[in-house]
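The values are calculated or read from the model by the stated rules, or taken from the named source; none is laboratory data. What you see is a predicted model; the values in this text were computed from it and never measured. Here the Cβ positions follow ideal geometry from the backbone for every residue, glycine too, while neighbour counts run over all protein chains shown. With ligands, DNA and RNA removed, areas are computed over all heavy atoms of the protein, side chains included. Shrake-Rupley method; radii C 1.70, N 1.55, O 1.52, S 1.80 Å.
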Amino acid sequence: MRIALHQFSIPGFGIARRRLFAIPALPSSREVLIREAHNAAWPEVNLDTLQVNKSGRRVRQHVNPFKEELQVLIDSPDWTQIFHQPSLPLTVDLGCGPGRFLLASAKRFPANNYLGLEIRQPLIDRANDWSRAMELAGQVHFIYANANVQLSNLLRSYPGPVDLITIQFPDPHYKTKHKKRRIVQPALVQTIKDALRPGGRLFMQSDVLEVAEAMRDEVEAFAAAAFDTVQGHLPGPSQEMDSNRSMAADGQRAWSACGWLADNPIGVPTEREVVSLELKLPVYRVLLIRKDH
Ligand SMILES: C[S@@+](CC[C@H](N)C(=O)[O-])C[C@H]1O[C@@H](n2cnc3c(N)ncnc32)[C@H](O)[C@@H]1O
């Protein structure tokens, strides 16, 4: 009996066979599902149609934010070279990943400028290519920068008000010795507090309860008096888990008693959010409003 080559199913052989005969790989069903979820999540960001950066450059899964080149303070940019209208209110996404959240936000809410900070250079290069291809280059910009090092300088030099800062699905860094790599640190909280305009918003979300609690608690510990929590936080798992923290030292109800927002109040998801929701993972969200003082 003759067996046709395509009938072989030896693990790994499919790849070898495709290379041998230059057969293009079919997208896996998971890839198809993710692409469909992406197209549904950001209908205004149809990246399939854009002729941009298809170099296939490898993107590392993780970059150490303590790596030397990410500790060097960069000069603040000339904002007039970056944004068409540098006095517009600014939205900043810290650890923006691939960047669709900002690109879709700019399409939906064109009255702001959008800045993404990210420590994986290939993602930044591609996101800026996408921004140009979508004709958003004067309104959406991505910078290769460690938020913990550069944010303060960047925001102090920005000519307009800082309207919204987002920290979404940050790297969890579970190991105790790596927790100092987490993005939400006391100095970053101080920077955010100083930068946001009165009424400006800080939005944080994660699908890891411990990470969401740590972000919220860090802001509460270092800037509670500067923020209001918003109506609409629902009682969530943190209420049970944190019952011993439901009263802050000054007798005020602690933020842990507020639970988590059920829905994304911004209305535009991130890449990680789309995947988490597809996988039916819980997402823990906090929205804080900068007080007047
Ligand atoms: C899990 S990804 C989430 C990406 C995106 N926010 C989302 O929700 O899809 C976290 C991102 O934060 C970036 N990152 C980690 N530490 C950072 C830092 N100190 N400054 C800027 N970006 C950072 C990582 O490179 C990674 O792309």
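Here is how the numbers come out for the structure above:
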{"item": "Any pair with Cβ under 9 angstrom, 6 or more apart, that starts in the stretch 60-87 at a residue that is without any contact (Cβ under 8 Å) to a residue 24 or more places away in the chain and ends at one that is open to solvent by 60 Å² or more (accessible area, probe 1.4 Å) and more than 16 Å from the ligand (Cβ to nearest atom)", "result": "80/159"}
{"item": "Checklist (1) within 17 Å of residue 112 (Cα to Cα); (2) modelled with pLDDT of 95 or more; (3) not β-branched (Val, Ile, Thr) applied to residue 146, failing item", "result": "(1)"}
{"item": "Selection within the stretch 184-206 - under 18 Å from the mean Cα position of the chain (by Cα) and open to solvent by 30 Å² or more (accessible area, probe 1.4 Å)", "result": "185, 201"}
{"item": "Test: residue in the stretch 44-60 that is modelled with pLDDT under 90, in contact with a strand residue (DSSP E or B) (Cβ under 9 Å, 6 or more places away or on another chain), surrounded by 11 or more Cβ atoms within 10 Å (Cβ to Cβ) and within 30 Å of residue 135 (Cβ to Cβ)", "result": "no"}
{"item": "Helices (runs of 4 or more DSSP H) completely within the stretch 64-183 that count 1 or more residues being more than 21 Å from residue 38 (Cβ to Cβ) and open to solvent by 10 Å² or more (accessible area, probe 1.4 Å)", "result": "79-82, 121-133, 147-157"}
{"item": "Which listed residue, of 147, 40, 137, is within 23 Å of residue 203 (Cα to Cα) and without any contact (Cβ under 8 Å) to a residue 24 or more places away in the chain", "result": "40"}
